[in-house]
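This report concerns only the one structure given below.
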Amino acid sequence: MRTWAIANQKGGVGKTTSSLCLARCLADQGRRVLLVDLDPHGSITRAFGVPVEPPPQGTHELFNGEPIDKLAHHSGYPHIDLIAAQPAMATLERRSATQPGLGLALRRALLDADDQYDYALLDCPPTLSLLLVNALAACDRLIVPTQADPLALHGLEGMLRTAAMVERSRSRPLARQILPTLFDRRTRTGQQTLEHMHTYPGVGVCPFPIPVDTRLRDAMSLASREHLYGRGMIAYEHALQWLLDTAPSEEEAA
Ligand code: ADP
Ligand code: MG
């Protein structure tokens, strides 16, 4: 199983949309995908119609050592299983102070489920938290959706700093790639921001920016087969192919 963390320390940049769309594109190719909702807001969980209140078993139990095969729900979309988010995940932060090793809980759970899925996609929260650190410790690569807007570069830079920090405590390198999102090719700032994304050493930039497309706005429809196919989803198909073509060496070995 290959594990991709979809993360950025800024909200509203397309993390959840990218997680959903990349999961769909992988699943449509017949690959078995596990989507892990690591954001206590539970956007992915809601998109699949799983109730957040009362919460089903999910990410929180994963941190109690429950195995993934007991926690994964069928999403309703062929080949995609889901580990649901719950509001109780917010209490994990407090536990991390007293419970050593909690930073590797997700990595352990995913290693145990290695042969059950081809890909695990981790939809991360926008805050520097135990959940984000778990995702960065567990993943084979970090994909940073970044809005093609100058204000979004701060979130990107914060994310790259956090990635460098976590990488120092990992036994293997952490590959990082930027996925430009919400791109409007008609604006100068969009083009300039895209150019700026190429200035971070060692960080790949997906050559297929995801355009603004109103068909991507409805996460509920993205999580179902009803979705209206259009240029946004086509861009995600190209982005996925690029991601598959640029697999870091540690992922090849996985
Ligand atoms: P995040 O998970 O980073 O907070 P979301 O994926 O939830 O971001 O996206 C933020 C908002 O922007 C959502 O309303 C989403 O539907 C919308 N959105 C994301 N990507 C696109 C896109 N390419 N075109 C149009 N709307 C988008
Ligand atoms: Mg989100």
Going by the structure shown, is ALA23 within 16 Å of ligand 2 (Cβ to nearest atom), over 16 Å from ASN134 (Cβ atoms) and out of contact with any His (no Cβ under 6 Å at 6 or more places or on another chain)? yes
### Query
In the range 137-149, is there at least one residue being open to solvent by less than 60 Å² (accessible area, probe 1.4 Å) and of a type in the set (Lys, Arg)?
yes
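To keep it simple, each residue is scored yes or no on (1) within 16 Å of ligand 1 (Cβ to nearest atom); (2) modelled with pLDDT under 95; (3) surrounded by fewer than 19 Cβ atoms within 10 Å (Cβ to Cβ); (4) assigned to a helix (DSSP H, G or I).
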{"site": "ARG170", "(1), (2), (3), (4)": "no, yes, yes, no"}
{"site": "ARG185", "(1), (2), (3), (4)": "yes, yes, yes, no"}
{"site": "ARG225", "(1), (2), (3), (4)": "no, yes, yes, no"}
{"site": "GLU251", "(1), (2), (3), (4)": "no, yes, yes, yes"}
Residue pairs qualifying under the 6 Å Cβ cut-off, at least six apart or on distinct chains, with the first in the range 64-80 being open to solvent by less than 50 Å² (accessible area, probe 1.4 Å) and the second being assigned to a loop (DSSP other than H, G, I, E, B), are ILE68/ALA113; LEU71/GLN57; SER75/PHE48
Exactly one of LEU110, LEU106, LEU122, LEU132 is open to solvent by less than 40 Å² (accessible area, probe 1.4 Å), within 16 Å of ligand 2 (Cβ to nearest atom), assigned to a helix (DSSP H, G or I) and at pLDDT 95 or above, and that residue is LEU132
Can you find even one residue in the range 82-94 that is away from ligand 2 (no atom under 16 Å from the Cβ) and open to solvent by less than 40 Å² (accessible area, probe 1.4 Å)?
yes
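Yes/no per residue for (1) open to solvent by less than 70 Å² (accessible area, probe 1.4 Å); (2) in contact (Cβ under 8 Å) with a residue 12 or more places away in the chain; (3) not hydroxyl-bearing (Ser, Thr, Tyr):
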residue	(1), (2), (3)
ARG188	no, no, yes
GLN192	no, yes, yes
THR199	no, no, no
GLY204	yes, yes, yes
PRO209	yes, yes, yes
THR214	no, no, no
SER221	yes, no, no
Log entry, pairs with first residue in the range 119-143 being free of Cβ contacts under 8 Å to residues at least 40 places away in the same chain, second being away from ligand 1 (no atom under 16 Å from the Cβ) and of a type in the set (S, T, N, Q), beta carbons closer than 8 Å, six or more apart or on different chains, reads LEU130/SER96; ALA137/SER169
Note to self: Going by what's in this entry, would MET159 be described as outside any loop (DSSP other than H, G, I, E, B) and in contact with a strand residue (DSSP E or B) (Cβ under 9 Å, 6 or more places away or on another chain)?
What the structure shows: yes
Pairs returned, first residue in the range 23-37 that is at positive phi, second residue that is open to solvent by 10 Å² or more (accessible area, probe 1.4 Å) and not in a helix (DSSP H, G or I), beta-carbon separation under 8 angstrom, 6 or more apart or interchain, are GLY30/HIS79
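Being of a type in the set (A, V, I, L, M) and modelled with pLDDT of 90 or more is the filter; apply it to the range 227-249 and report the residue that is surrounded by the most Cβ atoms within 10 Å (Cβ to Cβ). Steps first, answer last, please.
Residues of the range 227-249 that are of a type in the set (A, V, I, L, M), as a first pass: 228, 233-235, 239-240, 243-244, 247.
Next, from what is left, pick out any that are modelled with pLDDT of 90 or more: 233-235, 239-240, 243-244.
Values: MET233: 19, ILE234: 15, ALA235: 22, ALA239: 25, LEU240: 20, LEU243: 23, LEU244: 15.
Here the residue is ALA239.
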Screening ASP28, ASP39 for residues that are among the acidic types (Asp, Glu) and more than 16 Å from ligand 2 (Cβ to nearest atom) leaves only ASP28
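The values are calculated or read from the model by the stated rules, or taken from the named source; none is laboratory data. What you are looking at is a predicted structure, and each value in this text was computed from that prediction instead of being measured. Cβ: placed from backbone, ideal geometry, glycine included. Neighbour counts: every protein chain shown. These area figures cover heavy atoms from the full protein model, side chains too; ligands, DNA and RNA do not enter into them. Shrake-Rupley method; radii C 1.70, N 1.55, O 1.52, S 1.80 Å.
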